[in-house]
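Please read the structure below before turning to the comments.
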Amino acid sequence: MIEPDTKDWTWVLSQPCPECGFDGSAVSHTEVAGRIRADAAEWPRRLSATDVTVRPRADVWSALEYGCHVRDVHRIFNDRVALMLGEDEPRFANWDQDVTAVEDDYGSQDPVVVTSELVDAAGVVADTYEHVPPDAWSRRGLRSNGSEFTVASIAVYHLHDIVHHAHDVDHG
């Protein structure tokens, strides 16, 4: 059984993650699009492994489940950034990643389809970040728990999420 992740990960914006080594304070928001594209280029390899559906431990997602999650992370963050660019201080709807994983049955999805969808979603959100006007990086949005982001900080937060999960798959 996968234990739901209830941690507030916003601290990764100001201090290194001891699990994956990501240091958000050392990343410029202008690097995020390129790094998302580079990460997406690695997912076809990860999702074509013969053991893609195998969980390394009962309490850890398989590479396929992580791939589904990363695909959905790209989609969610693209939606959130679009809200931030189009509205004043929007409040983001809650997204329960663990409920989504169960309801969408991540473990039984087709790895070939997930690969294509993940790469496409990464390209879409990378394009979104590349086209943020210079004066819009400071626009704000609020998560359902009240955490405040700017477009710049949510970009770095997003990058940590995918870097962390690539680490989970590659070193899990």
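Miscellaneous remarks
- Stretched out straight at 0.36 nm per residue, the stretch from D51 to T150 would grow longer than its current Cα-Cα span by 31.8 nm.
- Gaussian network model of the chain, Cα within-10 Å springs - most flexible of G24, G146, G107: G146
- Relative contact order of the chain, defined on C-alpha pairs under 8 angstrom at six or more residues apart (%): 35 percent
- Measuring nothing but protein heavy atoms, the accessible surface of the chain at 1.4 Å probe radius is 51 percent carbon and sulfur.
- Dipole magnitude (debye, nearest 20) for the chain, charges at Cβ of Lys, Arg, Asp, Glu: 300 debye
- Cα-based shape type of the stretch 67-124, given that a ≥ b ≥ c are square roots of the gyration tensor eigenvalues and the cut on a/c is 1.5: oblate
- The chain - mean residue ellipticity at 222 nm from DSSP helices (-39,500 (n - 2.57) per run, n ≥ 4, rounded to 500): -17500 deg cm²/dmol
- Rounded tilt (10° steps) of 151-171 against the dominant C-alpha axis of the chain: 20 degrees
- Look at the dipole of the chain built from charges on Cβ: of L47, A122, A101, the Cα furthest out on the positive end belongs to A122.
- Residues in the chain average 50 Å² of solvent-accessible surface per residue, probe 1.4 Å, ligands and nucleic acids excluded.
- Loop-located trypsin sites (Lys or Arg not before Pro) in the stretch 95-172 (DSSP state not H, G, I, E or B) with no more than 15 neighbouring Cβ atoms inside 10 Å do not occur.
- Fraction of alpha-carbon pairs over 24 Å apart in the chain - percent: 34 percent
The values are calculated or read from the model by the stated rules, or taken from the named source; none is laboratory data. Predicted model, so just to flag it, every value in this text is computed and none were measured. No Cβ is skipped: glycine too gets one built from the backbone with ideal geometry, and neighbour counts run over all protein chains shown. Accessible surface is based on the protein model in full, side chains and every heavy atom, while ligands, DNA and RNA are left aside. Shrake-Rupley method; radii C 1.70, N 1.55, O 1.52, S 1.80 Å.
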